[in-house]
Protein chains: 4
Amino acid sequence: MPNFQTPLSFISDNCAGASSEVMQALLSCNSGSANPYGSDDLTMGIETKLAELFEHEVSVFLVSTGTAANSICLATLSPPWGSVYCHAQSHINNDECAAPEFFSQGAKLVSVPGIAAKIDAQELAAAVSRRVGDIHSTQPGCVSITQATELGTLYTVSEIAEIGEVCQSANIGLHMDGSRFANAVATLGCSPAQMTWKAGVKALSFGASKNGVLGAEAIVLFDQSLAQEIAFRRKRAGHLTSKMRFLSAQMDAYLKDDLWLANAHQSNLMAQRLSEGLGRHELIEILEPPQANILFCRFPLWLTQRLLDQGCSFLHDRWEEGVVRLVTSFATTDFEVDLFLQRVQAALNEA
Amino acid sequence: MPNFQTPLSFISDNCAGASSEVMQALLSCNSGSANPYGSDDLTMGIETKLAELFEHEVSVFLVSTGTAANSICLATLSPPWGSVYCHAQSHINNDECAAPEFFSQGAKLVSVPGIAAKIDAQELAAAVSRRVGDIHSTQPGCVSITQATELGTLYTVSEIAEIGEVCQSANIGLHMDGSRFANAVATLGCSPAQMTWKAGVKALSFGASKNGVLGAEAIVLFDQSLAQEIAFRRKRAGHLTSKMRFLSAQMDAYLKDDLWLANAHQSNLMAQRLSEGLGRHELIEILEPPQANILFCRFPLWLTQRLLDQGCSFLHDRWEEGVVRLVTSFATTDFEVDLFLQRVQAALNEA
Amino acid sequence: MPNFQTPLSFISDNCAGASSEVMQALLSCNSGSANPYGSDDLTMGIETKLAELFEHEVSVFLVSTGTAANSICLATLSPPWGSVYCHAQSHINNDECAAPEFFSQGAKLVSVPGIAAKIDAQELAAAVSRRVGDIHSTQPGCVSITQATELGTLYTVSEIAEIGEVCQSANIGLHMDGSRFANAVATLGCSPAQMTWKAGVKALSFGASKNGVLGAEAIVLFDQSLAQEIAFRRKRAGHLTSKMRFLSAQMDAYLKDDLWLANAHQSNLMAQRLSEGLGRHELIEILEPPQANILFCRFPLWLTQRLLDQGCSFLHDRWEEGVVRLVTSFATTDFEVDLFLQRVQAALNEA
Amino acid sequence: MPNFQTPLSFISDNCAGASSEVMQALLSCNSGSANPYGSDDLTMGIETKLAELFEHEVSVFLVSTGTAANSICLATLSPPWGSVYCHAQSHINNDECAAPEFFSQGAKLVSVPGIAAKIDAQELAAAVSRRVGDIHSTQPGCVSITQATELGTLYTVSEIAEIGEVCQSANIGLHMDGSRFANAVATLGCSPAQMTWKAGVKALSFGASKNGVLGAEAIVLFDQSLAQEIAFRRKRAGHLTSKMRFLSAQMDAYLKDDLWLANAHQSNLMAQRLSEGLGRHELIEILEPPQANILFCRFPLWLTQRLLDQGCSFLHDRWEEGVVRLVTSFATTDFEVDLFLQRVQAALNEA
């Protein structure tokens, strides 16, 4: 076995770098001067390309993080006295340090139950009808779903459409946190349109940072009446980048020749390979068959420790004792997965 | 005359791309995996390098825009009921769409007079003593100065120190918007330390985006007790980038071998060259001898129009009729300046 | 039976008027001019009186509503990136339309479980140690308990002290929403000091509006270092009343000769009388023995309807089908309670 | 001369108490129970009465302070990225500790010049057309004028209409801070309708606290589409009083038999009497002929000191050295004014 210097990292898809096509695009766009603040040609072309991809007119706003994309959308969709319905395990609820509350001037994140980190449409229908018109309570503001979820599970297209219908009945907007949008499309095999506006999504955080770019996310609005408000919210949050061409070049390369989809396929495939390899061992429990690039499983505590000692890295024991999260990325290789599986096998053999 | 395709652009230093050293650094840092959210080696090294540059212990927070850097600093230095003293012509007052007010939960920007876009220390001393302790009025929160200013002028080190003393007497912090910090150091010939903490600056927005990187600014804290608050404010604003190494690589290259200073020298030199060239014409008035990379002058209206018609681009008639702003960057060349001067000469000859 | 014009109302203690002593005090303080904004003698005397009542130095800020008192306290105790730990059934979480989130610039209300609407100290200890130092998560900000609770139950003094110890260990403040503070003291028979600062409470919303005044609540700070911040937060929320003497006169009369306690005793007694009377019927279930002036019980649906038809008023079927809430006040009389009980009896006899 | 115990106070109309009619109304409304939070009969009647007074359908929201009324209106009329145009000397700009900025999530107060503390319509027209559509700048949000102004001057009806036209052209709302609305109507002799919606006012802070009530102000909306938003903003600011009948009783008595107008006439008359009396002395300069109940004049410094020593109280030397502000109220009597004038006369005689 080669002396593998870099530790085997399954901590997060954030640990990967960027695709070579993206780096090349950065280099290419660097020559000459360009108008600042998004009035350059490259940026203006992104809207057209995303409109084609989504088969719908869109307004697009690039930002550098998913937290910014999500928070700006939510603050626009919900009034300050709104309820933002989301799953308890969602990123906006758990991992953004109350950024949505900050951006929205104190809207309230209201958890809606559902299995596998997915909002249940019936539960949502009940939630949006509670205390409507009661001045002492926040009012239906918007709904936010994550696709793929933080557990690596997926809403089916019809599940999204059911939620979309509840939103329509309640006259509130539907936001999708698509930080792993590509992974979802890759698995479901549906079109981006089917998974979004056709199912009722009004605003999408179209993620790219976790899937092969340096740091770029697109707010994609299917309801263009919100565009002006989004523009000012982005500016006031310090997310109107001056040299916007460098965000746009990333997004452009990401969209070109379906790099986004290819990267997601690779990432998903690696999670599948991990799952199959680990699933063969009796002492390991796969908690949820991976539908995207995240695998939750249960390891014996000593196994976790052994792997960490060998330089493997991944999150563990954060959700529950024994629970391990393995995340793959577009940059994960067969070699890395197999090496990890060998180490697991070796450790189990020794035990 | 060659058919110069790219228009001669003096709109903003934001129109330039990035230095090749910076692009190279991006490519270099792209291999392998790295810890996300700033816990990578490259990011952790930036603090050390800036500490050396500033000859002082510092806490450093990278963000992608100057508006973010400024607003996070101001919200940290001033309570929501604070007065943020600044010049009426400052970027935070005019060009950030009230982002500081948003971040700070409604602190009040209070203009302090002074010539050449610089706060006058005596006026500041008067301002910070008005209505102190009066519950109906915002209270002294912090001071923000811009170096170089939006007019391309500079505070001398002793002018900053005078302001620093007023801040100390009033027990409030001093922030420097250093989006063109390098240009100021290049002209003044002082050390970064002299221009900042030695003169009383507590928090600095250390700009790089306008001077050769793609999009990276550093919040540099000389008062480290503010670090934790800054960390949470950055996160909640969506400015804690996941793949932070890509911001850090830019900053690392920017600092290496004093690229920041070399770029600023070039930029300043080009403004000087423009000023000298234009100053020879009787019909053109140089409004303020350029100390950095910004030149304000007055053109006959027909001259402005003629140059625009020829594809030159620059801001004009925004401040006052006839007033033209020319901004150079690290990427501006002798050739471009001379070409512009030739066109001016030709136009004046024809008239 | 007399034709009782006024409907028998057990909707809320907010439906009652004010004690005659309070009305008299308003009249008395109306003569002559007085300094505005709380610099009048009457207002300045309130602090002394509350200091005596609480056997501790205090800073006092009068406001007109409990929502204001609570929100100002919470925004002061917790940073914007803080978790405000509270019970899911608390008023701040359910009935203030996210006012605490608005005042605090988006702090997050985090529910802590516990029976009878009371935070469990062990659960709290677990909650305050979760994700401490994790930049992606809100951090321990403060704890808020309600005494008496929204269910009419009470924390014992030692239960408060246990919570106070958790707060101290976690280095966060403890706030008490005392909108029914008097009812709690009346039942527990402890001193105000025992129930507050001696048990670790740093800031108290000392309620009076529900218990015999027109509209006045006191923020009572046992940690006076927060006083200046509270003063500015009150002003900016529009709660620094100009003719403050009229709030102070109410509070003064409320404190004088322990009117506050006498009113609470009457209110509690009437809830007790209701509970005893209703508890005799097999078809009625008392859900929680009333410790203050709120009684939750379960009525057959037809009984609820019958009583409503007869002009009785109370909240019902809001928490769960069949659940009825009866609230008494200082103004509730034996006559009213007995009349209500007679109607219940009559209805049950008919059935 | 009698030993006049109460100092002669011309500090503010806030120093006066309440009219006896108002106190009587409070007593009367105290009997029996009433629905809380404004669903009582008295409160619901206020809207009808104000609709009659203003000859227009209105939505009405009572709050306890002018700062609350103003801030809630401004936050509703302007988006967070809006400019709130006002005079530099306005109360919202100077005396509310940036409450409008807090409520509005950081909208920007932009000063518009004009003499006598009044916005000049031409200057306003220029201001609202600056940088429209420029993402880096706040956008036209709303206009706020004060009637009567902080200097005691008045807009004529046609001056308001001119401003109203500018607002209409710019498609932004016009707010009137009417904390001394009654004093203005009393002097101008116009109808409330003429001074408000007929001249383009969309939202009015209808003041009562300075003119004979304990503490009550009405937000009067002529544009009822804003009502729901105002309702939630009031609630979240802690200004939805539970025992609303006590605010309503004040307002009801204030409106009944034109008490509001009678009080204002008395107040204005006393300012007139002061002005005439003081104007006779050569050493005293009347800075602005009083149109309402505020008189600005210039006293020799020794005269100010002498009067203060004798127990007179008023604000002085706050705007400029030597400048004295005298404010009368509905409760000010001929006797008090004449006593003050005698003291001035005596002091001048001695000099």
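The values are calculated or read from the model by the stated rules, or taken from the named source; none is laboratory data. Everything numeric here is computed off the predicted structure, so don't read it as measured data. Here the Cβ positions follow ideal geometry from the backbone for every residue, glycine too, while neighbour counts run over all protein chains shown.
For segment C:131-160, the set of residues classified as more than 18 Å from the chain's Cα centre (by Cα) and among the hydroxyl-bearing types (Ser, Thr, Tyr) consists of C:SER137, C:THR138, C:SER158, listed by residue number. Here A:SER9 clears all of (1) more than 24 Å from B:ALA216 (Cα to Cα); (2) over 20 Å from the mean Cα position of the chain (by Cα); (3) modelled with pLDDT under 95 except the condition numbered (2). Within segment D:308-323, can you find the residues that are of a type in the set (Gly, Ala, Ser) and more than 18 Å from D:ILE286 (Cβ to Cβ)? Answer for segment D:308-323, where residues must be of a type in the set (Gly, Ala, Ser) and more than 18 Å from D:ILE286 (Cβ to Cβ): D:GLY311, D:SER313. Restricting D:ALA75, D:ALA25, D:ALA34, D:ALA18 to residues that are more than 20 Å from D:MET244 (Cα to Cα) and touching a helix residue (DSSP H, G or I) at 6+ places or on another chain (Cβ under 8 Å) narrows the list to D:ALA75. Taking segment D:315-339 as the range and being surrounded by 18 or more Cβ atoms within 10 Å (Cβ to Cβ) and out of contact with any helix residue (DSSP H, G or I) (no Cβ under 7 Å at 6 or more places or on another chain) as the test, the residues that pass are D:ARG325, D:ALA331, D:GLU336. Of all the numbered requirements in (1) crowded, with 17+ Cβ neighbours inside 10 Å; (2) free of Cβ contacts under 8 Å to residues at least 24 places away in the same chain, B:ILE286 misses one, and that requirement is (1).
Yes or no, residue by residue, for (1) within 16 Å of A:CYS15 (Cβ to Cβ); (2) within 14 Å of chain B (Cβ to nearest Cβ); (3) assigned to a loop (DSSP other than H, G, I, E, B); (4) at pLDDT 95 or above:
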residue: A:GLU288; (1), (2), (3), (4): no, no, yes, no
residue: A:ALA292; (1), (2), (3), (4): no, no, yes, yes
residue: A:PHE296; (1), (2), (3), (4): no, no, no, yes
residue: A:GLN305; (1), (2), (3), (4): no, no, no, yes
residue: A:GLU321; (1), (2), (3), (4): no, no, yes, no
residue: A:SER329; (1), (2), (3), (4): yes, yes, yes, yes
residue: A:THR332; (1), (2), (3), (4): yes, yes, yes, yes
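Residue selection: C:PHE340 satisfies the criterion of being among the aromatic types (Phe, Trp, Tyr), more than 21 Å from C:THR153 (Cβ to Cβ) and in contact with a strand residue (DSSP E or B) (Cβ under 9 Å, 6 or more places away or on another chain).
If you check C:ILE163 against the conditions, is it in contact (Cβ under 8 Å) with a residue 40 or more places away in the chain, in a strand (DSSP E or B), surrounded by 24 or more Cβ atoms within 10 Å (Cβ to Cβ) and within 21 Å of the chain's Cα centre (by Cα)?
Judged against the criteria, C:ILE163 is not a match.
Yes/no per residue for (1) aliphatic (A, V, I, L, M); (2) over 30 Å from D:GLN345 (Cα atoms):
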position	(1), (2)
D:ALA237	yes, yes
D:MET244	yes, yes
D:MET251	yes, yes
D:TRP260	no, yes
D:LEU269	yes, no
D:GLY277	no, no
D:HIS281	no, no
D:ILE286	yes, no
D:ILE294	yes, no
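Summed over segment B:219-250, residues that are within 14 Å of chain A (Cβ to nearest Cβ) and in contact with a strand residue (DSSP E or B) (Cβ under 6 Å, 6 or more places away or on another chain) total 5.
Scanning segment C:16-45 for residues that are of a type in the set (A, V, I, L, M, F, W, C) and crowded, with 23+ Cβ neighbours inside 10 Å returns C:ALA16, C:ALA18, C:VAL22, C:ALA25, C:LEU26, C:CYS29, C:ALA34. For segment B:129-153, a tally of residues being in a loop (DSSP other than H, G, I, E, B), surrounded by 24 or more Cβ atoms within 10 Å (Cβ to Cβ) and among the hydrophobic types (A, V, I, L, M, F, W, C) returns 1.
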